[in-house]
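Note sheet for the following structure.
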Amino acid sequence: DTCLGDMMELQKHQLAEIVGSRITYFGPALQSDESLHEWSEAETALAAGIYHLRHLAQAWKPILAPSVFLRSMGYLADVVFTLYLDQVAIATDISPSACQFTSALFHKATVDIAGLLGTPQDPTKFSMEWGHFEAVSKFLELNHLSQVEQALSSGVFQNLGSQELAKLIQATFGDSPQRRGLLNGLASVV
């Protein structure tokens, strides 16, 4: 068990190097309406992270018990998810183009990682950040505040805190009476 824990820590640090080192400036670059080098680096980083996870899955699946394999891969998926979520969290201005790009990138991450898990079970059982990551991805797909309000009332953002959702709304939508009303509603939930 200690050996597995040490191996997971090593893989966590390797993923941080493989992915994290390439996306250091991704968050601030989300304000651009044009594809930047940082966006390409974010795609490259995700591909490299998935490649690393794929090799681990191929090596571990035959030797680990299924539940241990799924929990281990879920933990490492959380590492990748958190690296990207942290970058979105520091963005103070996210352009519509960046929303579309990031949402597509996040969707690709969940599809590819779900494929590596190779189980019909709900991935949120193995990955604590899966629902959070998907909720941010779904938020970034929305083009209008009315869509955000509808998704909010439908429970789409149940894995996001009200402060995080408010920060996303402020970063993606310009000031308006509708935005202020939505933000005031979220503030009363805190």
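Would you check if there is a residue in segment 96-104 being open to solvent by 30 Å² or more (accessible area, probe 1.4 Å), at pLDDT 95 or above, over 18 Å from Leu165 (Cα atoms) and in contact with a helix residue (DSSP H, G or I) (Cβ under 7 Å, 6 or more places away or on another chain)? Scanning segment 96-104, I find at least one residue that is open to solvent by 30 Å² or more (accessible area, probe 1.4 Å), at pLDDT 95 or above, over 18 Å from Leu165 (Cα atoms) and in contact with a helix residue (DSSP H, G or I) (Cβ under 7 Å, 6 or more places away or on another chain), so the answer is yes. A search for C-beta distances below 6 Å between a residue of segment 50-64 that is assigned to a helix (DSSP H, G or I) and any residue that is β-branched (Val, Ile, Thr) and open to solvent by less than 90 Å² (accessible area, probe 1.4 Å), counting only pairs 6+ apart in sequence or on different chains, returns His52/Ile18. Filtered by the rule that a residue be open to solvent by 40 Å² or more (accessible area, probe 1.4 Å), more than 18 Å from Asn184 (Cβ to Cβ) and of a type in the set (A, V, I, L, M), segment 136-167 gives a lone residue, Val156.
The C-beta contact set for segment 20-40 (first residue without any contact (Cβ under 8 Å) to a residue 12 or more places away in the chain, second residue surrounded by 13 or more Cβ atoms within 10 Å (Cβ to Cβ) and outside any helix (DSSP H, G or I), distance under 9 angstrom, 6+ apart or interchain) comprises Leu36/Tyr25; His37/Tyr25. Just to be sure before I move on: is Ala42 under 14 Å from the mean Cα position of the chain (by Cα), more than 18 Å from Pro123 (Cα to Cα) and buried (at least 20 other Cβ atoms within 10 Å of the Cβ) in the structure I sent? Yes, satisfied.
Kindly indicate whether Met73 is part of a helix (DSSP H, G or I) and modelled with pLDDT under 95. For Met73, the condition - part of a helix (DSSP H, G or I) and modelled with pLDDT under 95 - is not met.
The values are calculated or read from the model by the stated rules, or taken from the named source; none is laboratory data. All of these numbers come straight from a predicted model, not from anything done at the bench. Glycine gets a Cβ as well: all are built from the backbone with ideal geometry, and neighbour counts include every protein chain shown. The protein model used for the area step is the full one, side chains on, heavy atoms only, and it has no ligands, DNA or RNA in it. Shrake-Rupley method; radii C 1.70, N 1.55, O 1.52, S 1.80 Å.
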